[in-house]
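The values are calculated or read from the model by the stated rules, or taken from the named source; none is laboratory data. Owing to the predicted nature of the structure, the values given are computational and were not obtained by experimental measurement. Every residue, glycine among them, receives a Cβ derived from its backbone with ideal geometry; neighbour counts consider all protein chains shown.
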Amino acid sequence: MNYITDRMKGKVVAITGASSGIGEATALMLAAHGVKVVLGARRADRLEDLKGRIIAAGGDAVYITTDVRRREDVDQLVQLACKHYGQLDVMINNAGISHLSRIDELQVEDWEDMIDVNLKGVLYGIAAGLAVFKKQGFGHIINIISTSGIRIVPLQGVYAGTKNAVRTIAEALRQESKGKYRVTGISPGFVQTELIDSVKDPSIRAAYKEQSAKIAISPDDIAAGVIYAMSQPDHVDVGEIVIRPTVQD
């Protein structure tokens, strides 16, 4: 057993958007290190399959159908962690969607959708996690953000705005907590996930898929960043990690 597993074994982690992509990869990697994972996503069939794979490999997992647009769903995810395992060590806010378009196309419903999932969903996760952390006296918030909030480009204005809002809120929380809670933001670049599938414009979706096929890295590469942040000693707070393909602009 290595030192990473030694530090992480037995921790309880809740993950939103756990049914595919980065969330799925993170759950599998955490479970392999002895972490008890609490899975949340909208697709119950995929959660059931993921739970089965984790348990078959000797891990420990439970799940509940979770739509992060509903605060009560996120609360129930955290409550499941506490009821089943007795505590919550880490809340990973991973669920996200991407609708790409020019701002002057006025895709207002898409804007609202991204705000509901990427921003409000994360706030619900922070609120649910902190409600437990305040009682425990410890806890770790990990937000999966995006390099889109670092390098602003056309078509991603509102998407990047939601991601930068999360970055700002998390930094304020880090400072306010004065070391009581750890707060980490992980910003992936091009990753092989289903996120591109939510892009509605066929030409934009095709272009991004073509670029992704050429340079995208694995969700496992992002999961490794989560492991790194979680496995640090309690007095070390990894604030910001950027993980992208070496060839990405």
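Regarding G40, is this residue in contact with a strand residue (DSSP E or B) (Cβ under 9 Å, 6 or more places away or on another chain), buried (at least 21 other Cβ atoms within 10 Å of the Cβ), touching a residue at least 12 places away in the same chain (Cβ under 8 Å) and within 21 Å of I142 (Cα to Cα)?
When the stated conditions are applied, G40 passes them.
Could you please find all residues in the stretch 144-178 being of a type in the set (G, A, S) and within 20 Å of the chain's Cα centre (by Cα)? Working first, answer last.
Of all residues in the stretch 144-178, those of a type in the set (G, A, S) come to 146, 148-149, 157, 160-161, 165, 170, 172, 177.
Within the stretch 144-178, S146, S148, G149, A160, G161, A165, A170, A172 meet the criteria.
E194 is checked against (1) over 25 Å from I142 (Cα atoms); (2) within 15 Å of the chain's Cα centre (by Cα); (3) acidic (D, E) and fails just one. What number does that condition carry?
Going through (1) over 25 Å from I142 (Cα atoms); (2) within 15 Å of the chain's Cα centre (by Cα); (3) acidic (D, E) one by one, E194 breaks only (1).
Would you pick out the residues in the stretch 186-214 that are at pLDDT 75 or above, surrounded by fewer than 19 Cβ atoms within 10 Å (Cβ to Cβ) and assigned to a loop (DSSP other than H, G, I, E, B)?
Q192
One residue is enough: does the stretch 78-94 have a residue meeting the conditions within 30 Å of Y3 (Cβ to Cβ), surrounded by fewer than 20 Cβ atoms within 10 Å (Cβ to Cβ) and within 19 Å of the chain's Cα centre (by Cα)?
Within the stretch 78-94, one or more residues are within 30 Å of Y3 (Cβ to Cβ), surrounded by fewer than 20 Cβ atoms within 10 Å (Cβ to Cβ) and within 19 Å of the chain's Cα centre (by Cα).
State all residues of the stretch 215-231 that are out of contact with any strand residue (DSSP E or B) (no Cβ under 9 Å at 6 or more places or on another chain), in a helix (DSSP H, G or I) and of a type outside the set (A, V, I, L, M); if no residue qualifies, say none.
Residue satisfying the conditions is D220 alone.
Take D104 and tell me if it is buried (at least 16 other Cβ atoms within 10 Å of the Cβ) and among the acidic types (D, E).
no
To keep it simple, each residue is scored yes or no on (1) of a type in the set (A, V, I, L, M, F, W, C); (2) surrounded by 17 or more Cβ atoms within 10 Å (Cβ to Cβ); (3) in contact with a strand residue (DSSP E or B) (Cβ under 8 Å, 6 or more places away or on another chain).
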residue: H99; (1), (2), (3): no, yes, no
residue: W111; (1), (2), (3): yes, yes, no
residue: V117; (1), (2), (3): yes, yes, no
residue: Y124; (1), (2), (3): no, yes, no
residue: S148; (1), (2), (3): no, yes, no
residue: R151; (1), (2), (3): no, no, no
residue: L155; (1), (2), (3): yes, yes, no
residue: A165; (1), (2), (3): yes, yes, no
residue: G179; (1), (2), (3): no, no, no
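Provide a single number: the residues in the stretch 233-249 that are polar (S, T, N, Q) and in contact (Cβ under 8 Å) with a residue 60 or more places away in the chain.
Residues that pass the stated criteria total 1.
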